[in-house]
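Participant: Have a look at this one before I ask anything.
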Amino acid sequence: MSPGTPETARVLKFGGSSLRQGSDFAHVAGLVEDREEPLVIVVSALNGFTDEILDALEDVQEGQDHVEGFIEHARERHEVALAEAAPDLVEEGTAALDPVLEEFQRLLYGIAYTEELTPRTRDFAVSFGERLAARLLSFALQQRGEDAHAIDADELGIVTDGTYGLATAWMGPTRHNVRDELVPRLQAGQIPVVTGYFGRDEEGHVTTFGRGGSDYSGAVIAHALNADALEVWKDVDGFLTADPERISQARPIEEMTYDEAAELAYLGVRVLHPRTVEPLDESTIPILVKNTLNPEAPGTRIGPPMDEPEHLRAIGAREGFAIVRMQGSGMAYTPGVGRDVFATLGDADINVVNMAASQASFALLVDGDDAEQAAQLIREAEIPTVENVTVNRGFSLVCFVGQDIGSHHGVAGRVFTVVGEAGVNVNMISVGSSNVALSFVVDDEDLETTLSALHNEFLIEDAPEVPS
């Protein structure tokens, strides 16, 4: 890689699905070595290692005997990968891994002695997967002659709001810190390999961005550097028009907007973390989703709204929901009912995914695991005019995504005509809350029929044009 200005830099994020063993690190290094522009790489932990850490945290609370075994497992897994990815640099690589493993061991012993695991120590502990992986990838790159160096995100200065487990980056201080540290490295021709998934609060404590949050880390760094692009490398060819496990005719999507990608990610389409677009939403920095196993594929380009006619892009779905219904005379006309309901559920960290209201009832779509607790909390709150609360299970949320779909004349009517002709009953509808999404709820047993009917009507290659 040749030296360059930070304005031409590109951020590449590689996830755990692309980093399973040493040969994967060598493969990723091969994808990087011929690149000419200045690069920053953001890396996730080895595939599955974060889950292994979480399991170990439960074990070590039962006694310190579990600490040595897990540290030896971690050492062996990463040293085997190192030997495969950088066979000429094993001694140097091992010397770089050792202090990280030693610090991790001290932390686990502390948890074992106290028999207590706090949110702060949990976040610190799970950050070690990325710390080890960053060092592995830096040596895989050095093996190919690149001047690569691992940098931990807390040392880099990615500053967060301090929320353990689901932190948000504070872009003001983060931008300053990232540029101060990375710009000189880029100008010197280095490749910084930065740990994803976490940052630090103002006191220096590690806080994580939530599972899959390394995508978000990449976006934060891309924003801070005003990067040319953020490339998110996965083990899939980008976004598809539908889940290929449900719809065999699903096809790749070449371009989509930030909001469209966020809607699909929120539905659980595991291509991009839902929060990835947040730091980039007001910029023009594109996100390119690429496949490490098929690097020649075009992937999906995600960016600001495009100058094109209204377009239906994709359909997604999530199962496992329940509907909590509240009934009472004049609920819709009684001030404060909705506020009290949402405050009651919010205090218990219960998320309302969708809702519908009429004069005498509210219907809330919640995760099935939260349904009984939600209903009981509402009953106990004794909210005025709420006379009866019931729970019904077995629902799926379907979301049709496309630019300007919320305001385009005729789309909703045509969608629900197709669903009705397929013999499917719609339980709840959300139209207009988002200009890029049309959401509705069907019975779980009708989900496959719904997705097939809509995909065949709107998203196959020779589908008719959207009505004007």
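Participant: Would you kindly identify the helices (runs of 4 or more DSSP H) lying entirely within the range 20-89 that contain at least 1 residues that are within 19 Å of residue 123 (Cβ to Cβ)?
Facilitator: Those helices (runs of 4 or more DSSP H) span 49-60, 65-85.
Participant: Return the residue satisfying two criteria in turn: it lies in the range 239-267 and is touching a Leu at 6+ places or on another chain (Cβ under 7 Å) and of a type in the set (Val, Ile, Thr), and of such residues it is surrounded by the fewest Cβ atoms within 10 Å (Cβ to Cβ).
Facilitator: 247
Participant: Do the conditions hold for residue 413, that is, is it surrounded by fewer than 16 Cβ atoms within 10 Å (Cβ to Cβ), under 30 Å from residue 435 (Cβ atoms) and not polar (S, T, N, Q)?
Facilitator: Yes, satisfied.
Participant: Could we say that residue 302 is part of a strand (DSSP E or B) and over 22 Å from residue 274 (Cα atoms) here?
Facilitator: no
Participant: State yes or no: is residue 104 surrounded by 14 or more Cβ atoms within 10 Å (Cβ to Cβ), under 30 Å from the mean Cα position of the chain (by Cα), within 16 Å of residue 56 (Cβ to Cβ) and in contact (Cβ under 8 Å) with a residue 60 or more places away in the chain?
Facilitator: No: the conditions fail for residue 104.
This table checks each residue for (1) under 29 Å from residue 450 (Cα atoms); (2) of a type in the set (A, V, I, L, M, F, W, C); (3) free of Cβ contacts under 8 Å to residues at least 40 places away in the same chain.
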| site | (1), (2), (3) |
| --- | --- |
| 272 | yes, yes, no |
| 277 | yes, yes, no |
| 287 | no, yes, no |
| 299 | yes, no, no |
| 305 | yes, no, no |
| 311 | yes, no, no |
| 314 | yes, yes, no |
| 319 | yes, no, no |
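Participant: Return the residue satisfying two criteria in turn: it lies in the range 268-302 and is at pLDDT 90 or above and among the hydroxyl-bearing types (Ser, Thr, Tyr), and of such residues it is surrounded by the fewest Cβ atoms within 10 Å (Cβ to Cβ).
Facilitator: Residue satisfying both the conditions and the ranking: 292.
Participant: For the range 1-21, give me the residue count where each residue is at pLDDT below 95, closer than 23 Å to residue 49 by Cα and either of a type in the set (Asp, Glu) or surrounded by 17 or more Cβ atoms within 10 Å (Cβ to Cβ) (or both).
Facilitator: Looking only at that region, the number is 5.
Participant: Another question about this same structure. Could you tell me whether residue 232 is farther than 30 Å from residue 412 by Cβ and buried (at least 22 other Cβ atoms within 10 Å of the Cβ)?
Facilitator: For residue 232, the condition - farther than 30 Å from residue 412 by Cβ and buried (at least 22 other Cβ atoms within 10 Å of the Cβ) - is met.
Participant: Whether any residue in the range 184-207 is without any contact (Cβ under 8 Å) to a residue 12 or more places away in the chain and more than 20 Å from the chain's Cα centre (by Cα) is what I want to check.
Facilitator: yes
Participant: Could you list, ordered by first residue, the pairs with Cβ atoms under 9 Å in which the first is in the range 436-449 and under 21 Å from residue 404 (Cα atoms) and the second is crowded, with 21+ Cβ neighbours inside 10 Å and of a type in the set (Ser, Thr, Tyr), at least 6 apart or interchain?
Facilitator: 436/257; 440/450; 441/396
Participant: Filter the range 182-206 for residues that are under 16 Å from residue 220 (Cβ atoms) and part of a strand (DSSP E or B) and give the result.
Facilitator: 192, 193, 194, 195, 198, 199, 200, 206
Participant: Does at least one position in the range 144-163 carry a residue that is surrounded by fewer than 23 Cβ atoms within 10 Å (Cβ to Cβ), among the β-branched types (Val, Ile, Thr) and free of Cβ contacts under 8 Å to residues at least 40 places away in the same chain?
Facilitator: No; the residues of the range 144-163 include none that is surrounded by fewer than 23 Cβ atoms within 10 Å (Cβ to Cβ), among the β-branched types (Val, Ile, Thr) and free of Cβ contacts under 8 Å to residues at least 40 places away in the same chain.
Participant: Search the range 308-335 for residues being more than 27 Å from the chain's Cα centre (by Cα) and closer than 28 Å to residue 263 by Cα, and hand back the single one that is modelled with the lowest pLDDT.
Facilitator: 309
Participant: May I pose another question? Going through 250, 262 one at a time, which residue ends up being among the aliphatic types (A, V, I, L, M), free of Cβ contacts under 8 Å to residues at least 40 places away in the same chain and under 23 Å from residue 441 (Cα atoms)?
Facilitator: 262
Participant: Further question on the same structure: Taking into account only those residues within the range 382-393 that are crowded, with 16+ Cβ neighbours inside 10 Å and free of Cβ contacts under 8 Å to residues at least 60 places away in the same chain, which is nearest to residue 341 (Cα to Cα)?
Facilitator: Ranking the qualifying residues of the range 382-393, first place goes to 383.
Participant: Against the conditions (1) part of a helix (DSSP H, G or I); (2) out of contact with any helix residue (DSSP H, G or I) (no Cβ under 9 Å at 6 or more places or on another chain), where does residue 135 fall short? Just the number, please.
Facilitator: The single condition residue 135 does not satisfy is (2).
The values are calculated or read from the model by the stated rules, or taken from the named source; none is laboratory data. Predicted, not measured: the structure shown is a model, and the values here were computed from it. Glycine also receives a Cβ, built like all others from the backbone with ideal geometry; neighbour counts cover every protein chain displayed.
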